[in-house]
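Asks: Let me begin by handing over the structure; questions about it come next.
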Amino acid sequence: DVNAGTGGMTVDSGGLLSLDAAGVVNLTTTGAFDITVNSTAGSVILTGAEAAVDAVQLNATTVGGGIDINAGSGGITLDTTAALSLDSATASNFTVTGAADLTLSSSAGAVNVTSGEANADSINVTSAGGMNVVATGAAAKDTIITNTNGSMTLTAGENVTDAMNFTASGAASRMNLTAGTGSIKFASGLIVPITTKAN
């Protein structure tokens, strides 16, 4: 049993310092004081060998508390052989600053982007350059864009003769335009009425 008063306790070693225990270990600071673990030229390693989902824990759950992780040019790597979950109860941001790519990929599964907000701009995809959407699946792996109750607008502002192209390039491909009783109207003012014709 080692006790010290307000003068504290200092342990110095010119070589290895090892603190080992065969039972539960506790290091606690009582009051508004920091605990610093620092290696001035080496690594800091935290290892939890318990076969449990919380083998290593970082907690800052006090109201107003947070966790700040900073890394230099070596970056940050998160690897897991199971699920990885990033959850937040407020607005969140994932940003790459500078001329570097951001890749969201699933090598054999689906990629789902979902918004539960009931606003006109609940999902925004913006590019300062062009945009390419490609599906390379087999036949019948269709690309479907649907707006169940609202309108859909495709706009191309480039001042060229091929500003917008619709292509069905298969040898026996056909392109279908379907409209209700409101007819089909071209920007030139030409209106094509809807009539029924047998195939």
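The values are calculated or read from the model by the stated rules, or taken from the named source; none is laboratory data. As the structure is a prediction and not an experimental result, all values here were calculated from the model. Because the Cβ atoms are built from the backbone with ideal geometry, glycine has one as well, and the counts that use them run over all protein chains shown. Areas reflect the complete protein model, heavy atoms only, side chains present, ligands, DNA and RNA absent. Shrake-Rupley method; radii C 1.70, N 1.55, O 1.52, S 1.80 Å.
Asks: Of 75, 116, 23, which is the most mobile in a GNM of the chain whose springs link Cα atoms less than 10 angstrom apart?
Replies: In this elastic network of the chain, the residue with the biggest mean-square fluctuation among 75, 116, 23 is 23.
Asks: Please give the per residue accessible area of the chain, computed with a probe of 1.4 Å over protein heavy atoms only, in Å². Before the final figure, lay out each step's value.
Replies: Values: 19880 Å² over 199 residues.
Heavy-atom accessible area per residue stands at 100 Å².
Asks: Roughly how many Å² of residue 142 are accessible to a 1.4 Å probe, to the nearest 10?
Replies: Around 120 Å² of this residue is reachable by solvent.
Asks: Taking the Cα centre of the chain as origin, sum charge times position over the Cβ atoms of Lys and Arg (+1) and Asp and Glu (-1), and report the length of that vector in debye to the nearest 20. Walk me through the numbers on the way to the answer.
Replies: On the way: 4 positive and 15 negative charges, 284 e Å.
So the magnitude is around 1360 debye.
Asks: So what J values fall out for segment 60-66 if you push phi through Karplus, 6.51 cos²θ - 1.76 cosθ + 1.60 with θ = phi - 60°, rounded to Hz, Gly and Pro as x?
Replies: Going residue by residue, I get 9, 8, 5, 3, x, x, x Hz, with x marking Gly and Pro.
Asks: Using a cut-off of 15 Å between beta-carbons, work out the net charge of the residues near residue 94 (Lys and Arg +1, Asp and Glu -1, residue 94 not included).
Replies: Working: positive: none; negative: 87, 101.
Neighbour charge sum, excluding residue 94 itself: -2.
Asks: Here is a follow-up. Say R0 is 25 Å: what FRET efficiency, to the nearest 0.05, do residue 56 and residue 110 get from their beta-carbon distance? Can you show the working numbers first?
Replies: Values: r = 30 Å, r/R0 = 1.20.
Using R0 = 25 Å, I get an efficiency of 0.25.
Asks: What does the extension gain come out to for residue 192 and residue 159, with contour length at 0.36 nm per residue minus their alpha carbon separation?
Replies: Result: 9.4 nm gained on full extension.
Asks: Another question about this same structure. Between residue 26 and residue 92, what is the FRET efficiency for a Förster distance of 30 Å, r being their Cβ-Cβ separation, to the nearest 0.05?
Replies: Calculated value: 0.30.
Asks: If you roll a 1.4 Å probe over the chain with all protein chains in place, what percent of the accessible area is carbon or sulfur?
Replies: Roughly 51 percent, rounded to a whole number.
Asks: In a GNM of the chain with a 10 Å cut-off on Cα contacts, which of 43, 73, 105 has the highest mean-square fluctuation?
Replies: Looking only at 43, 73, 105, the biggest GNM fluctuation is shown by 43.
Asks: Okay, next question. Could you tell me the distance between the Cα centroids of segment 163-199 and segment 17-48, to the nearest Å?
Replies: Between the Cα centre of segment 163-199 and that of segment 17-48, the gap is 71 Å.
Asks: Testing the spin-label approximation: label points 7 Å from Cα along Cα→Cβ at residue 173 and residue 67. State their distance in nm.
Replies: It is 4.9 nm.
Asks: Sorted by average packing, counted as other Cβ atoms within 10 angstrom per residue and highest first, what order do 5-12, 51-58 take?
Replies: The most tightly packed comes first, giving 51-58, 5-12.
Asks: Just going by the charge dipole of segment 77-185, with Lys and Arg at +1 and Asp and Glu at -1 on Cβ, which of 104, 126, 166 is farthest out on the positive end?
Replies: Positive-end residue among those listed: 166.
Asks: In whole Å, how far is the Cα centre of segment 55-79 from that of segment 81-149?
Replies: Taking the Cα centre of segment 81-149 as reference, the centre of segment 55-79 is 25 Å away.
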